Amino acid sequence: MNEVIWSDLAFEQQSQLQKNQPKAFKKLKEIIKQIRRNPEEMLRNSEPLKYELSGFYSYRLNKKDRLVYRIRQIDSQEILEILECISHYGE
């Protein structure tokens, strides 16, 4: 998996994590690296979301924050799409 697409919200949130929560930011980078290396294994370790977030998965960064992402196929290429990475499903 070569490409990572950040929503505008997630891009802003990762900057906030980097400034305010360095441990969570470090974990975020590691999780993204793991997803890119082995997406199938990470999907098994993530929580599938429902309703309006159906198709997305959640991975815990810390007690409060979650990485919300999905893996998409575009032109036979897997792409990691990150929706958000602070808070719990839009709180």
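A quick yes/no check of all residues on (1) at pLDDT below 95; (2) of a type in the set (A, V, I, L, M):
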residue: 2; (1), (2): yes, no
residue: 6; (1), (2): no, no
residue: 17; (1), (2): yes, yes
residue: 24; (1), (2): yes, yes
residue: 31; (1), (2): yes, yes
residue: 37; (1), (2): yes, no
residue: 43; (1), (2): yes, yes
All strands (runs of 3 or more DSSP E) inside region 27-91 with 1 or more residues being more than 25 Å from residue 15 (Cβ to Cβ) and β-branched (Val, Ile, Thr)
66-74
Within region 1-26, can you find the residues that are free of Cβ contacts under 8 Å to residues at least 60 places away in the same chain and not in a helix (DSSP H, G or I)?
21
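Residue-wise test of (1) touching a residue at least 24 places away in the same chain (Cβ under 8 Å); (2) surrounded by 15 or more Cβ atoms within 10 Å (Cβ to Cβ).
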{"position": "30", "(1), (2)": "no, no"}
{"position": "35", "(1), (2)": "yes, yes"}
{"position": "38", "(1), (2)": "no, no"}
{"position": "42", "(1), (2)": "no, yes"}
{"position": "70", "(1), (2)": "no, yes"}
Only one of 87, 46 that is at positive phi, of a type in the set (Ser, Thr, Tyr) and within 14 Å of the chain's Cα centre (by Cα)
87
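The values are calculated or read from the model by the stated rules, or taken from the named source; none is laboratory data. Quick caveat, the model's predicted, so the values are computed rather than measured. In this analysis, Cβ positions are derived from the backbone assuming ideal geometry, glycine residues included, and neighbour counts consider all displayed protein chains.
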